Each structure stands twice: as C-alpha cells, then as structure tokens.
Amino acid sequence: MNKIEKLRQQILSQNPTEEQRDAIFSDELEFLLRASPGSGKTWTSCRRFIWRGANWDYKVGGLALLSFTNVAIHEFYEATIKVGCRELLSDPNYIGTFDSFVERFIITPFGHLITGSAKRPKLFTESHSAFLKGTSFSTLVEFNNGTRIPIPTSKLTPMIENKKVVYGFQTPNGKLTKVKVLSKTSPPMALMKAGYISHEHRKFWAFYLLKKRPYLCQLLARRFPEIIVDEAQDTNEWLIQCLKVLHDAGTKVTLVGDPDQCIYEFMLAHPESLEALKTDWKIPELPLSKSFRCNNPIASSAANISGNDMFIGCSNARSEYENAFIVREPTKKCIHSISIFEKLLESAFIGNKDASILCRAHADIDSIRGKANYNTLQGNTKLFAHAAFLRDGRKDFKKAFNLIESCIRALTAEDDIWVRIEENGGSEEAEKARLVIWRFLKSQEGLPSVSEISTEWIDNLKTNLISLFKSIGITNPPKLGHKIRKHGLSPTQQELPLFQPQTPLPPTRLATIHQVKGESIDGVLVLGSVKFFNAVVRAIESDDNTEDRRLAYVAMTRARHTLIIGLPASHYDQYSSSWQKWGFQILQN
C-alpha cells in the first residue's frame, strides 16, 4: 500500500460521513462546501487540506488553509500532526488566520509601496489613540442627521457602496453607521502618510495593493495556487475582493461555510457573498447537512427557523426533557424563564457548567445581572462609572482602559504633558502615563468599585483622580467639583450602589450569541426582546435572510440536548402558535 492510499485509509478510519468523504476526496479544485451547524466543517476542511497537500503536483507554490479563529488553527495543526503529515505545516504551505495571511504576505512585504516610503507602516494600536493627535489621527465627519464631529481616523472603516469606497463608524451599540468624510485626504491614506495602518484599514490596503499592482497579485497567486477558506461566511468584504482578484490571477479557492450563520455584518461580512462567488466563478456546491451536535428535535426546529431543509440532527432525544421548547416570560428580568431552565437542566441531568443563557446583546445580559443606577449620571462621571462596570461586571479591561484614557484626556486637555506625549508617543513619559492609568483601572483604590454607594463612589473617585493626576505629572490639575458630580441621580439613587446585582444571579453562564459562535452546549436558554423575536418571526414568514433570523438560528444550534426560547409575554401571546408550527413544544410551569 503506497503512502497516498495509506493516508486515504487513515482518514476513512475516522468514520467520515458520505458527504464529508465527497468533500475531502473531491477531484474538483474549487467548490462551495455548504456546511450546517455542527456538521464538522472545520474537521472536513482540515482533512481536505491534508489530502490536497499530500497530492500536491504543482512545481512551485503551496497550499493555504485559512480560518478566522486561533482555536480553529490549533485544531488544524493537531489533526495534521496526528495523521503523520507534520511536513505539510511548513513552507511552502501556510495555515493561519486570514488576517495573519494578509499581514504576512501582503502588508508586511509591500505596505510601504502605498506611499513610496522606505519604512513599513506600523500597526496603530489603542495605546496610540490617547496620545497621538492632529489632522492625521482625527477626521471630521458628518452623520446623517447633520452632526459634525471629529472621529479617530483609525476607527473609520472603509466600505463598498455601488462600487465606490465610503466610510462607516461603529457606534457604541455595535451598529456600523455610514458617515461623510469632510477631509480631502481619505482616512486610510491620512493614517498611512503618518506611518500607521489600523486593523480597520488593513484589509482595505491589502485589496488596494493587489488591485493597483497586478504583478503582486500574480506573484501571490503563484505562491498559493490553491486556498481553502474555513468559516467562509465570516469573510470581510475586502477579503472577498482579495479572493476575487487572486481567483482571476489563477488561484483555485475552496469555500467552506454556511451563509445562514453569517452574524458579523458589523464587521462587513455579508451572507450573500458566498452565493455570489459560487455563481460568478461557476463552481459546484457540495453539502454537509448532518449535525454531530444537535439532537433530531432541536435540528428539526432550527431548520424551520433558517429554512435550511437539508439540516438534520444526529440522534433521537433520550428523554422528554431533551427537546426544543418555548416558555412565556412575564418579567423584564427573565426570572421566570431562568427558573424554568434551571429546573429542566436538573431533570435532564445537565450541569450548570454545561449550559448557557444566550442573549442578543450585552444590554440584555446587563439587565439580567441587575440594575444600573449610574445610567442617569451625566458627562465624564457616567463614563467613569461605565468603565467601573466594564471592569467589575464584564471583566472587559480593554474597553474600560480606553474609556478611562479618554476621560482623563478630556479633564486635563490643557496640560502641557499631552503636547510632549503627542510629539513622542514612545517616550518614557508616555509609557509612565499609560502604566499609571492601568494601575488606576486595576485597583479599586483607584477606580472605585461599581458596588459602592453612589455618593461615596463619587467622593472616592474625585479623591483618587487627584492622586492619579499627580502620579501622571499633571502640573495644573482641574477642580473636579463641577466636573465629577452626582447630577442626574435621584435622592433615592444616591443612597444605592451604582449597580445593584440581581439576587440570586443565575448560576449558569451568561453570554451573547456572538460569544458562543462555534461552541457546542448541552443546554441552552435563548432570551431577547419583543423587538428581536418579532423581527425573527417576520423574517421567517416572509423568508427574508435577516441578521436577527441568522442570530436566532446560530443561538439555537449551539444546543446539544435541551433548548428553551424565553419569549416575552406579549410576543408569546401573539405568536406561540407559529413557534409550535415550527416544532417547539410549550413548556408549562
């Protein structure tokens, strides 16, 4: 038995389905593998990489396997080593994220050609944003309502609209809002001329280089005659453009993904992009329809939500408690649904560590966790309070740090230290300022705990800020009496903690739908607003492939054994019959 046949038998010994075998051993050099949730698309992508790498017959170049998470990349490496093909992990082949591919093979070697500079552009990081100011780092934009404000240049995202480049800004609620840039120089070019490139601009520049300099595209296509893209539905629109020009230059591209699981529109991933590429390139579509995650009742109900009739489960329910259910939720805190969920988990012998409560957005999770009294505060006081909540409630130190930086700059904007730091962002003085702010964030003796009584929290914040200013080296500290104040808090709120946690908090994990993408969870409770679930029902009834519908589908298909949808009372009263029609059982108290 030769090496290739031995490898085939080794892959077959892992019991792939017929659909997986067809994809792994396909003679087609490019196709769209439409993979349902839990159908083993990453497993299949990796075996396809191993099989094509072992059968490589190009005189030059290698095979690239790209995905979007380091977890998937780690799985690729482990699987390749396990079948004894470690040599496929080295040059000329490449396994990595799409972002790292762009950085290594396009931006790092050729980024300096954009401006003709002798130096490579540096990656613009969050730490730069607090200290580098000026026309290159701030761009005046106009919103649809006519408001004109300066926005950090690095935060303006290039987008495609009617074959033209326009710009968007991601607002705090996560929406990418189109804005009109009022400067003559485009934001990416302004930042590039200053020697920087941001995460938001990197993919745009990669396409720019490949498009404007065709010889670079031809070189890269020769370097990688074949590319496999795992989780292809998450491909950013600029990366799609990169794939298009590489395909035109001769690269064969295999796309592995599921348009129904595209939930990153705010990152410029569009569900229709895969179907468009399949049509434009005239490539075949192969299915992966069987889930190795969801049982049959959950898969059947989820298939009705997405409209994917091919999606099937892996097993029958083991008991009456393993199914897809709906429950009527009469409270805003979802206390009833959570209580029912915990009882069902116990009956189904599912531990809390193997279950999750999934919400549409962080605001829904925050509402379940407790009551945020600080929302009525104003100005910088509210921003500092929100930073404390991000640290204590979400453990999101990065966002909290950036927020505190901005507030401190706003309070001490006139001090000369910032001029010196702007002139030399890598100076010892700049590093000291960042370190002092970080220590202030990390310690509750710096930024007070969000659980403190509101009036005490404000007094402690003012005292600690004075010490912070001194440590940074602020020579003319502001008077905080009129800048950090309790204005906006009612007399009752002043005597309450800034954030009052719900008692008792649910013992199961609370997460957003985006946070659990790709996971398998034994028991899942999906919660959302009336607006969210109304939008889901309307999309299903009109067969529109909307973001809300896809989010609901992704949330439901995380569940292995037990799924509950907690429907707000007004939605339940109007649409419970529709949910029953789609296969969901009513769960009584």
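The table that follows gives values for the structure above.
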read-out	value
Counted residues, the range 1-10 - those being assigned to a loop (DSSP other than H, G, I, E, B) and either among the hydrophobic types (A, V, I, L, M, F, W, C) or buried (at least 17 other Cβ atoms within 10 Å of the Cβ) (or both)	1
Residues being free of Cβ contacts under 8 Å to residues at least 24 places away in the same chain and surrounded by fewer than 15 Cβ atoms within 10 Å (Cβ to Cβ) - total across the range 15-44	3
Residues of the range 535-573 satisfying the condition of being over 20 Å from HIS336 (Cα atoms) and more than 24 Å from the chain's Cα centre (by Cα)	VAL537, ARG538, ILE540, GLU541, SER542, ASP543, HIS561
Subset of the range 361-381 (residues that are farther than 16 Å from GLN500 by Cα and either out of contact with any strand residue (DSSP E or B) (no Cβ under 7 Å at 6 or more places or on another chain) or buried (at least 22 other Cβ atoms within 10 Å of the Cβ) (or both))	GLN378, GLY379, ASN380, THR381
ARG293 closer than 24 Å to ARG538 by Cβ, among the basic types (Lys, Arg) and modelled with pLDDT of 90 or more	no
Yes/no for GLY146 being small (Gly, Ala, Ser), on the phi > 0 side of the Ramachandran plot and either surrounded by 13 or more Cβ atoms within 10 Å (Cβ to Cβ) or modelled with pLDDT of 85 or more (or both)	yes
Filtered residue count, the range 404-445, keeping only those that are farther than 16 Å from THR381 by Cβ and outside any helix (DSSP H, G or I)	11
The range 142-160, residues that are farther than 10 Å from LYS178 by Cα and part of a strand (DSSP E or B)	ARG148, ILE149, PRO150, ILE151, PRO152, ILE160
Output for the range 34-68, where each listed residue is of a type in the set (Val, Ile, Thr) and under 25 Å from ASN304 (Cα atoms)	THR42
Residues that are surrounded by fewer than 15 Cβ atoms within 10 Å (Cβ to Cβ) and more than 15 Å from GLY566 (Cα to Cα), drawn from the range 316-348	ASN316, ARG318, SER319, GLU320, GLU346, SER347
Unique match (being under 30 Å from ILE151 (Cα atoms) and either surrounded by fewer than 18 Cβ atoms within 10 Å (Cβ to Cβ) or without any contact (Cβ under 8 Å) to a residue 60 or more places away in the chain (or both)) among LYS203, LYS175, LYS244	LYS175
Boolean, PRO172 is in a loop (DSSP other than H, G, I, E, B), on the phi < 0 side of the Ramachandran plot and at pLDDT 95 or above	no
Helices (runs of 4 or more DSSP H) lying entirely in the range 11-130 (those with 2 or more residues that are polar (S, T, N, Q) and assigned by TED's automatic domain parsing to the domain that holds GLY426)	none
Sole exception among (1) in a helix (DSSP H, G or I); (2) surrounded by fewer than 19 Cβ atoms within 10 Å (Cβ to Cβ); (3) of a type outside the set (Ser, Thr, Tyr); (4) within 33 Å of the chain's Cα centre (by Cα) for LYS462, by number	(4)
Criterion violated by THR412 - all others in (1) crowded, with 19+ Cβ neighbours inside 10 Å; (2) modelled with pLDDT of 90 or more; (3) not aliphatic (A, V, I, L, M) satisfied	(2)
Answer residue from the range 178-191, given it is within 24 Å of LYS122 (Cα to Cα) and at pLDDT 90 or above and is surrounded by the fewest Cβ atoms within 10 Å (Cβ to Cβ) among those	THR185
Residue list for the range 276-295, filter: closer than 13 Å to ASP22 by Cα and in a strand (DSSP E or B)	GLU285, LEU286, PRO287, LEU288
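The values are calculated or read from the model by the stated rules, or taken from the named source; none is laboratory data. Note that the structure is a prediction, hence the values are computed from the model and not measured. Counting neighbours? That spans all protein chains shown, and the Cβs are built from the backbone with ideal geometry, glycine included.
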